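The values are calculated or read from the model by the stated rules, or taken from the named source; none is laboratory data. Keep in mind that what you see is a predicted model, and the values were worked out from it rather than measured. Counting neighbours? That spans all protein chains shown, and the Cβs are built from the backbone with ideal geometry, glycine included.
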Amino acid sequence: MTQGERRPDNGMMDRSEGFGERLLGVLLDRAHEMPPQLIAPLIAEEVARVGGRDVSILLQDYAQLVLVPLPGRRLVVGEPEPIDGSPAGTAFLQATTVEVPQSDGVRMYLPLLDGSDQVGVLALTLDAVDDNDRRLLRRLAGLVADMLVTKHHYTDQFFLARRREPMSVAAEIQWSLLPPLAMSVPQAEVAGILEPAYSVAGDSFDYALNEDILHLAMVDAMGHGLDAATMATVAVGAYRHARRADIGLSEIYAFMDRAIADQFGLDHFVTAQMMRLNIATGHLQWVNAGHPAPLLIRNHQVVRQLTGPTTLPVGFGGEEPRISEQTLQRGDRVLCFTDGLIEEHEAGEEQFGEEQLIHWVNRIEHTEKGVRAVVRALSHALMRQRGGRTSDDATLFLIEWRGGAADHLTLLE
């Protein structure tokens, strides 16, 4: 025995491999070269080691309506689970483990979290469950989520599982452009949704958290179809390039404006909203380039629009924009949306309008918990109220500021 392998009674920490470390370590050790199609049988084997069976991996479909089973050897592939009103859906939306007693044991639904973005749900059955099982399976689910996110870049398997209907080329481009649909840190949380999921074209959003600054943008390219998707792609690409150059909001607007004008000419445009939120102080800045004004939500009620000076849409060569500012209170939410949400109407009838939007925001803010659940429920409710019509893209993006700090996450207990 070497000096570094002394037993605990000699004053050294025990570094021998335990059951849990070995179980999780197998996934880590093999993940680098694991072909995507072998993830399923490896996960089933890992679950079997803790006495689990009937394993399913459920992924969210693009319309955010159901959790669909991922096909794979040794996985149980049943019917899709509705996100609303099912144990799997509860685990998914609330990012918490749900246990359902059954005649032959306990059915467990564990959220698959990549960072804070809900990838899906891991479902399995155990004869009985104790706290050791819960802790180990929660960590196993975390590793499974990381593997799924990493391996999805190498295969179409996960994309195909999530599709419930054919997808347009424009929507294919837009989905490949998006960041994760949700992100949560102790100081802030964001979530977005695109409608119609399988034929969206000109709408998109982007965000990045750099130190204490949360950067956010929403764009809406003119027109429909592939032309709109192409313009949105250039707009988001220009936004990211300018943002990473660490320049101000006004300069970001000017850079995006030149990119659209140079590529498409002065008869094309993109409405846009660019924001910066200091997650330590709650100081919000934004530039509005022809976009609907965001809504400020406080204590689960819309208190006002975040109006301010606007400039011309990106691509029209507007003057240097004035930057609007607002200091948020802890718990405040800011809802950004595209005009397709409020302008929908049948020929000769009134538009859906901001008044109805505010009504439904207030209603759903009191019935749903969490930013991800609110934005999803709101989008689906508004779709129903518009009679299922989506003649234009309709996108929502919700931000919550909580304040505080995250340094405690770096400390080992």
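Quick check on this structure: which one of E172, E189 is out of contact with any His (no Cβ under 6 Å at 6 or more places or on another chain), of a type in the set (D, E) and in a strand (DSSP E or B)?
None of the others qualify; the one that does is E189.
Taken as a whole, the condition of being in a helix (DSSP H, G or I) and modelled with pLDDT of 90 or more does not apply to G4. The residue of region 92-109 that is nearest to V374 (Cα to Cα), among those that are over 18 Å from the mean Cα position of the chain (by Cα) and crowded, with 21+ Cβ neighbours inside 10 Å, is Y109.
Determine whether region 200-220 contains at least one residue that is under 27 Å from P36 (Cβ atoms), assigned to a loop (DSSP other than H, G, I, E, B) and of a type outside the set (F, W, Y). Yes, some residue in region 200-220 is under 27 Å from P36 (Cβ atoms), assigned to a loop (DSSP other than H, G, I, E, B) and of a type outside the set (F, W, Y).
Of the candidates V169, V121, V149, V129, the single residue that is touching a residue at least 40 places away in the same chain (Cβ under 8 Å) and surrounded by 16 or more Cβ atoms within 10 Å (Cβ to Cβ) is V121. Applying the condition of being surrounded by fewer than 20 Cβ atoms within 10 Å (Cβ to Cβ) and of a type in the set (D, E, K, R) to region 33-51 and asking which residue is nearest to the chain's Cα centre (by Cα) yields E33. Of the numbered criteria (1) assigned to a helix (DSSP H, G or I); (2) more than 26 Å from L216 (Cα to Cα); (3) without any contact (Cβ under 8 Å) to a residue 60 or more places away in the chain, the one R139 fails is (3).
Here V361 clears all of (1) of a type in the set (V, I, T); (2) in contact (Cβ under 8 Å) with a residue 12 or more places away in the chain; (3) not in a helix (DSSP H, G or I) except the condition numbered (3). Counting only residues that are over 20 Å from G120 (Cβ atoms), buried (at least 17 other Cβ atoms within 10 Å of the Cβ) and not hydrophobic (A, V, I, L, M, F, W, C), region 355-389 holds 2 of them. Against the conditions (1) in contact with a strand residue (DSSP E or B) (Cβ under 7 Å, 6 or more places away or on another chain); (2) in contact (Cβ under 8 Å) with a residue 12 or more places away in the chain; (3) not hydrophobic (A, V, I, L, M, F, W, C), R322 satisfies every one except (1).
Determine which member of the set A191, A201, A145 is in the same structural domain as V50 (by TED's automatic domain parsing) and either small (G, A, S) or out of contact with any Ser or Thr (no Cβ under 8 Å at 6 or more places or on another chain) (or both). Unique residue meeting the criteria: A145.
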